[in-house]
Amino acid sequence: MNTIMRKSVLSVAGLAFAGGVFAGPIAAHANPVDTKPTAATVQTTAPKPQGDQSHISLNDEQTANVKAIIAATKKAGLPERAAVISIATSLQESKLENLGHLGDANDHDSLGLFQQRPSSGWGTPEQITNPEYSTTAFLKGLRQVDGWQDMPLTDAAQTVQVSAYPDAYAQWEQQATDLVNQHWNS
């Protein structure tokens, strides 16, 4: 073997040896790698609703409000999950009724489908009692919640609404899902 070739082979061998000497202690403490193939889990349906579920029968006005929430969600370019969260929130807050000022029965100055408050910056009373506006305002808040698409419905709704009853939204998830399934493409 000529001298240049021998030096090249020895250099490569030396680098391999040195790499092993230095990497060996690090590799010895590393977690072993599982090389078995794993199947990826793909969620093809909405998450299972949490806890006991509530249901109410809807009148024509409430159904119109469902359709208004869905239309505003589509207009905002958001997916069905956003409509489910919005409808469940409205079911909890107002039973899908566009509530005006109820005197002493009101929670402070809460109004509309989502019981939003003018004093908290949601808009004017006229705006908040407009289903498209109030839904758009709710969706704007929802978009600001990191990971809202993957979190439990009640957590996403509570982060936007800041309710005194943070777990109450969960009970409406099944009905909201059913309503979106029924009206999304109609």
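The values are calculated or read from the model by the stated rules, or taken from the named source; none is laboratory data. Only a predicted model underlies this, so the values are computations on that prediction, with no experimental measurement involved. All Cβ positions, glycine included, derive from the backbone under ideal geometry; neighbour counts span all protein chains shown. Remember, those area values only see protein heavy atoms, side chains included, never the ligands or the DNA or RNA. Shrake-Rupley method; radii C 1.70, N 1.55, O 1.52, S 1.80 Å.
Worth a mention:
- Some residue of the range 177-185 being surrounded by 20 or more Cβ atoms within 10 Å (Cβ to Cβ), aromatic (Phe, Trp, Tyr) and on the phi < 0 side of the Ramachandran plot: no
- Within the range 36-62, considering residues that are within 20 Å of GLN171 (Cβ to Cβ) and among the β-branched types (Val, Ile, Thr), the one modelled with the lowest pLDDT: THR45
- Residue satisfying condition, being closer than 17 Å to SER54 by Cα and either in contact with a Ser or Thr (Cβ under 8 Å, 6 or more places away or on another chain) or buried (at least 20 other Cβ atoms within 10 Å of the Cβ) (or both), within set VAL84, VAL145: VAL84
- The single condition among (1) in contact (Cβ under 8 Å) with a residue 12 or more places away in the chain; (2) in contact with a helix residue (DSSP H, G or I) (Cβ under 9 Å, 6 or more places away or on another chain); (3) open to solvent by 10 Å² or more (accessible area, probe 1.4 Å) that PHE114 does not meet is (3).
- Per the listing SER119, SER134, the residue uniquely over 17 Å from the mean Cα position of the chain (by Cα), farther than 16 Å from PRO49 by Cβ, open to solvent by less than 10 Å² (accessible area, probe 1.4 Å) and small (Gly, Ala, Ser) is SER134.
- Qualifying positions in the range 159-170 - surrounded by fewer than 20 Cβ atoms within 10 Å (Cβ to Cβ) and of a type outside the set (A, V, I, L, M): THR159, SER163, TYR165, PRO166, ASP167
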